[in-house]
Each structure stands twice: as structure tokens, then as C-alpha cells.
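Have a look at the structure below, then the notes.
Bear in mind that the values in this text are calculations on the coordinates, not laboratory data. Quantities reported herein were computed from a predicted structural model and do not represent experimental measurements. Here the Cβ positions follow ideal geometry from the backbone for every residue, glycine too, while neighbour counts run over all protein chains shown.
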Amino acid sequence: METVLAIVVGCLYAAGIYMMLRRSLFKLILGLVLLSHGANLLIFTVGGLTRGRPPIAPPGATQPPTPSADPLPQSLILTAIVIGFAVLAFSLVLFHRGYQTFGSDDPDDLKVSE
Amino acid sequence: MMANVLLVLPLLIPLLTAATSFLAWRRTALHRALAVVGAAALLAAGIALLVYVWNHGTIATQAGAWPAPFGITLVADLFSALMVVLAGVVSLAVVIFSLGSMDRGREAYGYYPLVHGLLLGVCGAFLTGDLFNLYVWFEVMLMASFVLLALGGERAQLHGGIKYVTLNLVSSAVFLAAVGILYGLTGTLNMADLAERLNRIGPHSAVTAVGMLFLIAFGIKAAMFPLFFWLPASYHTPPGAASALFAGLLTKVGVYALIRVFTLLFVHEREFTHLLILVLSGLTMVTGVLGAVAQQEFRRVLSFHIISQIGYMTMGLGLAGLVDSPALAAVALAGSIFYIAHHIIVKTNLFLVSTVARRICGTFDLKLQGGLYQSQPLLAVLFLVPALSLAGIPPLSGFFAKLSLVQAGLNAEQYAIAATALAVGLLTLFSMTKIWAEAFWKPMPGTPTENAAASLLAPAQTRRLLIPIGALALLTVAIGLGAEFVFTLATGAAEQLLHRESYIQAVMGGTP
């Protein structure tokens, strides 16, 4: 399972970087999204995958059964997703303003002077 | 108890200031008053923290009383306390300067609460003891800086903002991936706990690879060679006060993070990691200063100089890893810390001076500026103090900062880097002379009536703007004259950084 996810993460990174290198602000944003998803999935994978064993102590026990899934990577990812969402919303607005102001989607057309 | 309060105050003050201002959204006058009070309180809290840490050694507190390494840890050693004080100094100067220079529109759209949002992120990054938490504070800081950079929506701002946002998001993604892999390798993210576990692992190629990811992530934030291109593309676009705040604080948070992780965590393959840092430092210095020579815009010249100065700050870190004796390593790191303290004050000041020059001449273009020495002799003196200090002329702060670094370079027998540092200092002086000759000495191009129309400032306003500039210039002179004291402080901070057991002990309690 780890191998499959590792390949998926690699593909996400590759696609993200490819998109960022295109000459388009819109694709740049898509690239950033893919890159952050790749990072999130990477945390999930390196944290170790345990199927169907939630880290919840059964009634009467003082600790969850071992092995159980590590909850920390999931909470890290949750935080990262929330932050990523806010940052993405901001950059969408910023890039849209840029598109309106410069009248072009091509990063090379961004000129400071008229 | 005292330690807990002192550690939380530098976070609480900017948070409360920003939150209160956001609640009273329409009352700009209140924003202005709160911003000054908040910045002054932050400075006071920083000084109190520094004094406490100086007397009691490294202190730590656990949020919600969850014992380390499970909870969120706040730690202050001398280095982080010193950084908080510097953040307080810069914020107070910039906020006072903003009162007289920021336009109504930006003030109404939340400029002051955003400044405090930025300070919250900066102080959080200095005080946290947890790597993931550091990521979160970085994002807080970045979010505020994104908005501050784009606030106003001028063409140039959007242009710089898009580059700035993109590269910083890439850096965050790399940082996040590095944090994730490190967690996978060690099973913890608390920095003290990590230091212990990495000690047990010893030299390991995967750990070093993660260290390199951190070097890339923080290298982008700190604007190291070859990752600095976002900085000169964006720092000259926002209003002067905002760019002074950026110039003073943002890249230094990246340098702080680099020094923290490469003195605490990744210290087991120093002959590779720290040599790489040293080489990059040299290249950063040289490319930055050469870039500055080619520029003709006041703030772009200064922006390139930030890059070249970052090289000096990381140079001490690189040297500290390459010498065997702890005493020599402490001297090198102390040089770095001294340099950061000197640089933050001087660079903020130069950006503030450039803003006043822009107000008087109507442009940032050095070719079109002129006559400032004649019309504003006081401003000219206040430019010379930080400019000469930046170039390293005695008895100003920059001289002692450079002296200690070059000495550390000679001690470590790294003659190439010592020579580079000296040569770059000379080129810096050349750049500062260029600004002096263009903006201050040569007569103003254009007719007097045109020039009077271009000037956006009444003399009374100019005097108000000169107060924070004068205060920072005095501070630069004071650091130069009191170099002994500051160096003692920096050496203390460096020794704490190198004595990792004290940090681990402070966080983990009785089980080091």
C-alpha cells in the first residue's frame, strides 16, 4: 500500500511542478494545489499506514490496542489542509486581480509600467 | 509561573491588538492608537523576557499543561528572546513611522491590524519549540505579509505579489514535506525530543536528506543563493513603512529557523551540511552585492543588499559547524547573532530613509532624485549612519559584526570566506556611496517649481517621520559604542545554542 501511495505522491509532485512551469497563472495555481496535496499525502504515508484500527481505547482498557493508526499525521494534515485552503483562496483572488489588471494570463506579460 | 506569562505575552499582545482592531473595523483612529500601544507593549514584553532568560537560563512552557513532547511547547533561550526584542524595536519604529506616512485608504483597510498579525507570526516562530507549530507560525506570518504586500492593489504590487506568494507557497510545501518525513523517521516533532532521538540515530543519510529539505525551505524564506529571486521582485513594491517591516523582519525569521535547526537537530554530518551552508553564504554575499551595483532604484539597491547581508548571517552558522573547539564555534555563532541584531535595525532604518527621500523627490529612481543634502541635511546625516554601518565602518555596529565574523573565519582557517566577506563589505560601501552621490549630493534634476510640486511632504510632516529614523540611528550608534555588551549577550546566546543539553533539559524537564 505504501508503494502505491509513494507513486501517487510522486505523480502529484511531478504534475504540480509541470503545471507550475506552464506559462499560465491559472495553471500555476493548479500546480500549487497539487503540490500541497502531494505534501499532505506524503505526511500521511510516511506516518505509517494502519488499516481499520482506530486509536481508541476499548471500554475498560487504558490504552488503544497495538498496532493502531497514528492519529498525529492525520491532525497535521487536517491543519495543513485548512491553512492551504485559506492561502489558496487568497492567491486565487490575487491572481484574478492580476489577470484583470494586466489583461493576460501569461506570467511573462506582467509588466509594471503601462 | 513568571516564565509562563513572559513566554505567552509576546504572542498575546499582537493577537489582542489585531483582534481588537478587527472588531472595531471602522475606527481607524483607534487602530492607530492601539498599534502604537501594542508595539510598545511588545517591546516591553520582549525586554522583560530577555532579562528573565538572561538571569534564569532557557525557559519553556507547555500549552494546556500537556507534558512535552505531546503538547505544544513554547521555549525561549537568549537567541529567541533577543529576536523578540528586535521585533519589538522594529515594529515600534515602523508603526510610528506609518502614523505619518501611511495613506488613509490602506489604514481604513486594516493596515495596522495586519502589521500586528505579522508580528504574531514572527514572535510565534521565534518562541515555538515544535516543528509543525513553526510551520503554522510561518503561515500566519506569510498570510499577513501577503495581504500587506498586495494591500492597495497597485500594478507593481500585484506584479511583485504574485511572485512573492508563489515562491513562498512552494517553500511552505517543501517545509511541510520535510516535517512529514522527519516525523516518519523519528515519531516526534517536538524540537527537544527530536534532538534527543536524532542523537541516538547519529549520522544517517535519510536524516541529512531531510536536513537539506529544511535548508531549501528556509533558504527560500531567508533569500539565500540561489533561491532569492522573489525578494528583489517584491520588496520595493508596497508602501515604504510596510517594506521596511518586511526588510527588517521577514527574511530574518528564515535565518532564525536555519540557525535553530542546524544547531539543534542536523548536527551529525557537519562536514557536509555546514560546509554547504558556508559555500552558499559566500555565493549569497557576492551575488547580492553585485545585483545591487546594477540597480538604479533606491529600494531595489537596498533589497539586493538584504540578500548579501543574509550571507553574512549564515556564514557564522556554517563556520560554527566546521570548527572543532566549542569556544571557536561560539565566537562564530555569536558573530551571526550580532550581525542579525545589527542588520535588522540598520536595514529597517535605510528603508524608512528611502521612503522619506521618495516623499520629497516624488520618485524612488536614484537618477531622478537629488539635492537632499541641501534641502534635508538632517535626513542626510540619518542616512549616513545606517549606510556606513551597513558597509562596516567603525565605530558603528556593522564594523563589530563584520569583525567578529571575519575573525571567526580566520580562526576556522576558512580564508576564502573571510576574504569574500571583506571584499563584499567594500562593494557595499561602493553601493552606499552611489546612493549618497545620486540622491543626496547631486543637485535635483528638473526646475524648482516642478520639484516643489513633486514633493508630497510639508516640512512639519518630514520632522515627524524623522523621529523613528533618528531613534533607530541612535540605536545603531549605541550598539557600536556598546559593542562589548551586545557581544557578551550574543556570545551567551551562541553558547546556549551550542549547549543543546540545556535546551533539551528545559523542555523535557527532569529526563534529559
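Work out how far the C-alpha atoms of the stretch B:269-481 reach from end to end along every principal axis, then list the three figures in whole Å, largest first.
64, 32, 22
Taking +1 at the Cβ of each Lys and Arg and -1 at the Cβ of each Asp and Glu, which of B:PRO443, B:VAL136, B:THR20 sits farthest along the dipole of chain B towards its positive end, judged by Cα position relative to the Cα centre?
B:PRO443
Return the FRET efficiency for the residue pair B:ALA423, B:PHE22: r is the Cβ-Cβ distance, R0 is 56 Å, and the value is rounded to the nearest 0.05.
Values: r = 49 Å, r/R0 = 0.87.
Efficiency, from the Cβ-Cβ distance: 0.70.
Do any of B:LYS163/B:LYS252; A:LYS27/B:LYS163; B:LYS221/B:LYS367; B:LYS402/B:LYS442; B:LYS347/B:LYS434; B:LYS163/B:LYS434 go past 23 Å between their Cα atoms, and which?
On the way: B:LYS163/B:LYS252 19 Å; A:LYS27/B:LYS163 14 Å; B:LYS221/B:LYS367 31 Å; B:LYS402/B:LYS442 30 Å; B:LYS347/B:LYS434 17 Å; B:LYS163/B:LYS434 28 Å.
Too far apart for the 23 Å limit: B:LYS221/B:LYS367; B:LYS402/B:LYS442; B:LYS163/B:LYS434.
Is there a quick way to get the dipole size of chain B? I mean about its Cα centre, with the Cβ of Lys and Arg at +1 and of Asp and Glu at -1; what is the value in debye to the nearest 20?
On the way: 25 positive and 19 negative charges, 270 e Å.
The calculation lands at about 1300 debye.
Run the dipole for chain A about the Cα centre, Lys and Arg Cβ at +1, Asp and Glu Cβ at -1, nothing else charged, and hand back the magnitude in debye, nearest 20.
Values: 7 positive and 7 negative charges, 50 e Å.
Dipole size: approximately 240 debye.
Tilt of helix B:111-127 relative to the longest C-alpha principal axis of chain B, in degrees (0 to 90, nearest 10)?
30
Could you give the nm distance between label points at A:VAL82 and A:ALA14, where each point is 7 Å from its Cα heading toward the beta carbon?
3.5
Pairing the Cα long axis of helix B:240-264 with the longest principal axis of chain B, what angle in degrees results, from 0 to 90 and rounded to the nearest 10?
With both axes taken from Cα atoms, the answer is about 20 degrees.
Work from the charge dipole of the protein assembly as shown (Cβ charges, +1 for Lys and Arg, -1 for Asp and Glu, about the Cα centre) and give the residue of B:PHE79, B:GLY160, A:PRO54 farthest towards its positive end.
The residue sitting most towards the positive pole is B:GLY160.
Over the protein assembly as shown, what number does the Rg to Rh ratio reach, with both radii from the alpha-carbon atoms and Rh per Kirkwood?
Details: Rg = 24.0 Å, Rh = 24.9 Å.
Ratio of gyration radius to Kirkwood radius: 0.96.
Calculate the spin-label point distance for A:THR101 paired with B:LEU368, positioning each point 7 Å from the Cα along the beta-carbon direction, and give it in nanometres.
1.8
Which residue, chosen from B:ALA423, B:VAL94, A:PHE102, occupies the Cα position most advanced towards the positive end of the dipole of the protein assembly as shown, where the dipole is computed from +1 (Lys, Arg) and -1 (Asp, Glu) charges on Cβ about the Cα centre?
Farthest towards the positive end: A:PHE102.
Arranged from highest to lowest average of other beta-carbon atoms within 10 Å per residue, in what order do the peptides B:276-288, B:157-169, B:195-207, B:420-432 appear? Intermediate results must be reported in sequence, preceding the final value.
Working: B:276-288: 21.7, B:157-169: 23.4, B:195-207: 14.8, B:420-432: 19.0.
Highest mean packing first, the order is B:157-169, B:276-288, B:420-432, B:195-207.
Along the three principal axes, how long is the stretch B:313-371 when you take its alpha carbons, biggest first, rounded to the nearest angstrom?
Taking the Cα atoms of the stretch B:313-371, the three principal extents are 54, 18, 14 Å.
Can you compute 3J(HN,Hα) from phi for each residue in the stretch B:376-385, using the Karplus curve 6.51 cos²θ - 1.76 cosθ + 1.60 with θ = phi - 60°, rounded to whole Hz and x for Gly and Pro?
9, x, 5, 4, 4, 5, 6, 6, 4, 4
For B:ALA294 and B:GLU271 in one chain, what is 0.36 nm times their gap in residues minus the Cα-Cα distance, to one decimal in nm? Kindly include the intermediate steps, with their values, before the conclusion.
Values: separation 23, 0.36 × 23 = 8.28 nm, distance 3.51 nm.
Residue separation times 0.36 nm, minus the Cα-Cα distance, leaves 4.8 nm.
With charges only on Cβ, +1 for K and R and -1 for D and E, what is the dipole size of the stretch B:269-481 about its Cα centre, in debye, rounded to 20?
On the way: 12 positive and 8 negative charges, 151 e Å.
Dipole magnitude for the stretch B:269-481 comes out near 720 debye.
What FRET efficiency, computed as 1/(1 + (r/R0)^6) with R0 = 60 Å and r the Cβ-Cβ distance, is obtained for A:ARG51 and B:VAL37, rounded to the nearest 0.05? Kindly include the intermediate steps, with their values, before the conclusion.
On the way: r = 55 Å, r/R0 = 0.91.
Plugging the Cβ-Cβ distance into 1/(1 + (r/R0)^6) gives 0.65.
Specify the angular offset, from 0 to 90 degrees and rounded to the nearest 10, of the alpha carbon long axis of helix B:78-101 from the longest principal axis of the alpha carbons in chain B.
20
Would you pull out the residues with amide H under 5 Å of B:THR128's amide H, same chain only if 5 or more places away, H placed 1.01 Å from N?
B:VAL75
Do the sum for chain B: with -39,500 (n - 2.57) for every DSSP H run of n ≥ 4, divided by all residues, what is the mean residue ellipticity at 222 nm, to the nearest 500 deg cm²/dmol? Can you show the working numbers first?
Values: 22 runs with 403 residues, N = 512.
So the calculated ellipticity at 222 nm is -26500 deg cm²/dmol.
Apply 1/(1 + (r/R0)^6) to the Cβ-Cβ distance of A:LEU5 and B:ALA327, taking R0 = 60 Å, and write down the FRET efficiency to the nearest 0.05.
Values: r = 48 Å, r/R0 = 0.80.
The computed FRET efficiency comes out at 0.80.
Principal axis extents for chain B, Cα atoms only, whole Å, descending order, please.
73, 55, 40
Please report the orientation-averaged projected area of the stretch B:70-154, defined via the convex hull of its C-alpha atoms, in nm².
Value for the stretch B:70-154: 6.1 nm².
Can you give me the Kirkwood hydrodynamic radius for the stretch B:118-251, using every pair of distinct Cα atoms, in Å to one decimal? Show your work: numbers first, answer last.
On the way: mean 1/r = 0.0635 Å⁻¹.
It is 15.7 Å.
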